[in-house]
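Asker: Quick one: the structure is below, questions incoming.
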Amino acid sequence: MDDHLKQLLLLGREHYQKREFDKAEYLLKQVVQQTDRFADVFDMLGVISHSQGDFAQAERNFEKAVSLNPNYTEAQLNLMVTYNDLGKYDSAREVYSRIRGRAAGGEGPTDPFAMGKIANMHAEISQAYQDAGMPSEALIELERAVALCPTFADLRTRLATLYRDTGQKERAREQLEMAKQHNPNYVQARVLLGVALLSAGEYDAAIGEFEDVLQRDAEHKGAQMYLKIAQTQQRQSLFPPA
């Protein structure tokens, strides 16, 4: 490999890791013009195409990556997600069967690593939709993520936040309760649940959540502030001013 190609690869990968996709794409396409033997280059170009909404080009790039390296799990997962986006559900199932090392349609335990990767991909797509001002589509992607990994408290908390922001307060609270159930130590969910309880006038329950957070993280500024507010509101409800 000549020095110029090495430099293109190095810079392209660096920009990609920083999510500077425009710069990465420009450099990685130059690499492809010189050689088509780097599976990770096609995988990165596939991710970039997918982020741009060009699923057909993403499909071609991921397929090339997998053809170069049939054991490239991340590229296979990316291809699986893209097939789903294109409505090619049979192809997606076939890819997953290869990942699992069994025939398509066979029975077997779900691979938690693969499910986690796919769930996080849906979460990233959801964030892209949010950034584009498309909350309905963002909700769909986060719901898919939670369906794949229902014990991931962080995903449930993100879904709760999106429900709250779209006016679905009861569904938001339900997600926070479930996040708390799956991971009582995930303080972000506990704080947001406390805020939801405070907003609903359930001061005792809100105080309990904030105090629990502070037992786990005594320096949590948000919990400290909300606890004072909840205690003040509780006193005023018990002893309203004359």
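Asker: Taking the Cα centre as origin and putting +1 on Lys and Arg beta-carbons and -1 on Asp and Glu beta-carbons, what dipole magnitude results for the chain, to the nearest 20 debye?
Answerer: Numbers: 28 positive and 35 negative charges, 54 e Å.
Rounded to the nearest 20 debye, it is 260 debye.
Asker: To the nearest 10 degrees, how steep is helix 55-68 against the longest Cα principal axis of the chain, on a 0 to 90 scale?
Answerer: So the inclination is approximately 60 degrees.
Asker: Related question: Mind pulling the angle between the C-alpha long axis of helix 135-148 and the longest principal axis of the chain? Nearest 10 degrees, somewhere in 0 to 90.
Answerer: Rounded to the nearest ten degrees, it is 80.
Asker: Using Cα-only point scatterers and the Debye equation, what is log10 of I(q)/I(0) for the chain at each q in 0.13 Å⁻¹, rounded to two decimals?
Answerer: -0.89
Asker: Note down the relative contact order for the chain as a percent, whole number, built from C-alpha pairs under 8 angstrom at least six residues apart. Write down the numbers at each step before the final one.
Answerer: Values: 272 pairs, mean separation 18.8, N = 242.
Once divided by the residue count of the chain, the mean separation gives 8 percent.
Asker: Continuing with this model, one more query. Could you tell me how many degrees, from 0 to 90 and to the nearest 10, lie between the Cα long axis of helix 89-100 and the main elongation axis, the longest principal axis, of the Cα atoms of the chain?
Answerer: 90
Asker: Counting Lys and Arg as +1 and Asp and Glu as -1, each charge on the Cβ, what is the dipole of the range 3-100 about the Cα centre in debye, to the nearest 20? Display every interim value, and only then the final one.
Answerer: Details: 13 positive and 15 negative charges, 35 e Å.
The dipole magnitude comes to about 160 debye.
Asker: Right, something else. In square nanometres, what is one fourth of the surface area of the convex hull spanned by the alpha carbons of the range 1-87?
Answerer: Working: hull surface 20.8 nm².
Over all viewing directions, the range 1-87 projects a mean Cα-hull area of 5.2 nm².
Asker: If you take the charge dipole of the chain about its Cα centre, with +1 on Lys and Arg Cβ and -1 on Asp and Glu Cβ, which of 5, 229, 128 is farthest toward its positive end?
Answerer: Of the candidates, 229 comes out farthest on the positive side.
Asker: Now for a different question. Translational D (Stokes-Einstein, µm²/s) of the range 107-242 at 20 °C and 1.002 mPa s when Rh comes from the Kirkwood sum over C-alpha pairs?
Answerer: 134
None of the figures in this text is laboratory data; all of them are computed from the coordinates on show. Quick caveat, the model's predicted, so the values are computed rather than measured. All Cβ positions, glycine included, derive from the backbone under ideal geometry; neighbour counts span all protein chains shown.
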